[in-house]
Each structure stands twice: as structure tokens, then as C-alpha cells.
Amino acid sequence: MADIVALFRDRILASQFGASRTLDIYYSAFKIPDLVFNLLILGAVSSAFIPIFIREFKEDEKKAWRLSQNFVTMAFVSVLSGVLVMMVFARPLVELIAPGFSGPDKDVLVQLMRLMLISPLVFSLSTILGSMLQALERFWAYAIAPVFYNAGIIVGAIYFVPWFRIRGYHEVLGLGAGVVFGALLHLLIQLIASMRAGFRFKWIFNVADTQFRNIVRLMIPRTVGLGAYSFDSVVINSIASTLGAGSIAVLNFANNLQFVPIAVVGVSMATAIFPKLSRHASSDEKDDLKKNLYLAIKSTALIVVPVAILMAIFSRRIISVLFGAGLFGGVGIEATASVLAIFMVGVTAQSLIPIISRGFYALQNTKIPVLISVFSVVINISLAFYFSKGLSWDIQGLAWAISVSGIIQFGLLWLAFTRFIKNV
């Protein structure tokens, strides 16, 4: 459901703006807010908070809820501090993420990025609440929250854009307002579900708490990995900004389509299996952990491989049907289709990475996947420069770099996990 709404969102954006500099600005504005969120929140939640919360909940529910209250407080304060710093330094940051932009485009990007920096504050709360729901195996709100987020962006495109345009502001600011509105809806749906599960907001600021310190200790390697990924995303965006108007938009449209099988199959499988893997790990059931992890990998591959082949073969038809309307025409369709076909080479590996990474996280080892992630980022950036600039493959070169580095990353994770599990 969420991915269908996301595709509808992209169709609206493509038809209204085409493969244009406006959408280049819009997608570029996500880079710094995503960096703040990834560094301060996602690393802790994805690798550290859920296993510790599950363990605490099994022993004492009151202690688990108190831990979550402390973590919410600390997270919000940390993200607020990061957001304020990024707002102050927005202009020099724009020089890094979009060196190919000039004059008015940079000014608009600065305004939009400052507006969209509100979203990490909202997502910090929403993501932690969602992680608690995952830990308690209450998935409906977690699953439907992205639908509301994308609905907010659609509202922004249809209603906020003309409102800003009529009042003399750049229309892309309406899209930014839609992102913030969508983030608030994302929070609301998970807030309702988490409060029904027993959570209550309470201001607790206890840095000395043992379990909070364990979360910080476990999140550091994962945060380094996500920081590397965010840096990688910034570099790819920076290169794409120099390849002509619309290049960033094309890359994002194709990447969002690539993410459909990754999210629907890979991430969903990883999300569903993570609590089970964590329980196996906490009960020292190594064989059951391996069995469930390998079954998830096999099942995911059996689904994604044929989907990837079909999407590569029919890439042009897919793009034409989904985005071929309004201002999105010939050149945009051809460029997006070629990038999508290249992405399909590595989409199976990209779908399996979240699953095998959860195997490490369940065993409370975040260092190995992080080291491999950092190495893969170095490979990706090196190949991106070589393919796009050295070989003059332009936007297709960036797609090849992402696909090849993803395959390398999964291969290394697989080899590392098979060795690591033997020694646990």
C-alpha cells in the first residue's frame, strides 16, 4: 500500500515538474535532513534500541517504558541541536551537496533545506515510537505510517505548491511544506498506536542510565556506517548536479522504483524477522537464528530475482506508464528507463543487505556490517567518479556504481556472517 502511494506521489511530481531543476532542488534538499536523522536516530533504533528494549520488556515492562521515555527525550534534544546547527550553516552546506547549481537555484535550495530540517525533529519521535511497535510485534501502524507521509507530500504538490506560487514564493517550497505535513501525519498514526500499547511521554534526561549507555555503545558503529552512507548520497548528488538539469530527478525516480522490491520484500522481511532473531540471540538459540535468517534470505531472493529481470526488460514501458504524463516526456522517460534497468542488476543484493545485517544486529555486533558498509561506500564513490566522469557514462555511470557496490557489499556481508556465526 505504501509503495503504491509512493509511486502515485512520484507520478504527480513527474507530471507537474518533469525532469527539471525544480525537482533537482527538491531532492537535493533532503540530503542534510537525512544526514541529521541517520546520524542521530536511525543508527540507534535499527541496531541497538530494539534488542535492548525487547530484553528489558521481557524482564520488567515498567523499566522498558522508562528506558523508552529517556531515549525519546535524549533523541529529541540531540536532533534539535543538530537541526539548529545545520540551519545556521545551510548556505555552505548547499555548496557541498549541489556544486552544479548557481545563483537563484542555490538561494531557493537554502530556503527549502531550512524548511525541511523540521522533518528530522518529527521523524526522530515517530521512528522511536515505530521501533517500540516493531519490538512488540504490532506492525499495522508502522506499516501504514509511510502511506500518511506520502499522502502529505501529495497534498503539498496539489495544494501547497499553487498556494506558495500565488503568493510569490518559489513553488518548490510548497513541496517542502508537504514533506513536513507528511512527517507530522507519520508521527500521529504511530503515536496513537504506541500509546495504546502502553507508552506515555515523560521528560526523563538520564545520561547515566546503564541501558541508555548500552544503546549509545551499540549505535556508534552503525551510526558511522549510516554517516558513510549519507556522505555517499551527498557525493552522488553532488556529481549528478553537474550532469545537467534533471539528472538528480531522473536518478531519484529510478531509485524510488528500485526501492519498491527492496522495501516490499527485503526491508519488510528484515523488519518482520528482526524481533524473532533478537529473541533467538537472547536465548542463545544459534541454530534457530541461522535457520530463520537463511530462510528469509532464500525466500527474498526467490521473489526479487524474477521481479528484477522483468523490470529490466520492460523498464521503458514501466516508466512510460507510471510517469509518462504532463511535463515528463521523451528524454526523461528514456533516461529514467536506462537508469532503472541498470539498477535491476544490483537490486537483489540491495534487498538482501537489510536482512543479513539484522543477523549481526540481533547478535549485538554492529562493527562488522559497518566496516563493510564503509568499504562499500568507498567503492561506490570511486566507481561513480570513474564511470560518470572518466568513462563519460554520465547518469548511467552513477547507476552502475550503485549496483556494483551493492553486490560487493552483500557478498562481503555473507562471507563475514558465515564466519562470525561459527565463533559465537
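Structural remarks
- Qualifying residue in the range 246-254 (condition: in contact with a helix residue (DSSP H, G or I) (Cβ under 7 Å, 6 or more places away or on another chain), surrounded by fewer than 22 Cβ atoms within 10 Å (Cβ to Cβ) and not hydroxyl-bearing (S, T, Y)): no
- Filter result for V304 (aliphatic (A, V, I, L, M), farther than 30 Å from R213 by Cα and surrounded by 18 or more Cβ atoms within 10 Å (Cβ to Cβ)): yes
- Residue within the range 231-254 that is aromatic (F, W, Y) and in contact with a Lys or Arg (Cβ under 6 Å, 6 or more places away or on another chain) present: no
- Hits in the range 265-308 - residues which are farther than 12 Å from P354 by Cα, in contact (Cβ under 8 Å) with a residue 60 or more places away in the chain and hydrophobic (A, V, I, L, M, F, W, C): L277, A281, L289
- For the range 263-351, the helices (runs of 4 or more DSSP H) that sit wholly inside it and include 1 or more residues that are closer than 25 Å to F417 by Cβ and out of contact with any Ser or Thr (no Cβ under 6 Å at 6 or more places or on another chain) are 268-282, 286-313.
- Exclusive hit being buried (at least 21 other Cβ atoms within 10 Å of the Cβ), among the hydrophobic types (A, V, I, L, M, F, W, C) and modelled with pLDDT of 95 or more, set V83, V108: V108
- Selected residue (criterion: surrounded by the fewest Cβ atoms within 10 Å (Cβ to Cβ)) from residues of the range 168-182 that are among the hydrophobic types (A, V, I, L, M, F, W, C) and under 13 Å from A29 (Cα atoms): V180
- Identity of the residue in the range 18-39, at pLDDT 90 or above and among the polar types (S, T, N, Q), that ends up surrounded by the fewest Cβ atoms within 10 Å (Cβ to Cβ): S20
- Flag for A245 being in contact (Cβ under 8 Å) with a residue 60 or more places away in the chain, under 27 Å from G324 (Cβ atoms) and not in a helix (DSSP H, G or I): yes
- Cβ-Cβ under 8 Å pairs, at least 6 apart or on other chains, the range 110-137 side free of Cβ contacts under 8 Å to residues at least 60 places away in the same chain, far side buried (at least 23 other Cβ atoms within 10 Å of the Cβ) and charged (D, E, K, R): none
- Looking only at the range 392-424, and only at residues there that are among the hydroxyl-bearing types (S, T, Y) and exposed (fewer than 14 other Cβ atoms within 10 Å of the Cβ), the one that is farthest from I353 (Cα to Cα): S392
- The helices (runs of 4 or more DSSP H) located wholly in the range 1-92 that include 2 or more residues which are more than 26 Å from V108 (Cβ to Cβ) occupy 2-17, 50-59, 61-88.
- Screening T348 against (1) among the β-branched types (V, I, T); (2) within 29 Å of R279 (Cα to Cα); (3) over 18 Å from the mean Cα position of the chain (by Cα) leaves a single unmet condition, (3).
- Wholly within the range 108-190, helices (runs of 4 or more DSSP H) carrying at least 1 residues that are within 16 Å of the chain's Cα centre (by Cα): 118-135, 140-155
The values are calculated or read from the model by the stated rules, or taken from the named source; none is laboratory data. Only a predicted model underlies this, so the values are computations on that prediction, with no experimental measurement involved. Glycine also receives a Cβ, built like all others from the backbone with ideal geometry; neighbour counts cover every protein chain displayed.
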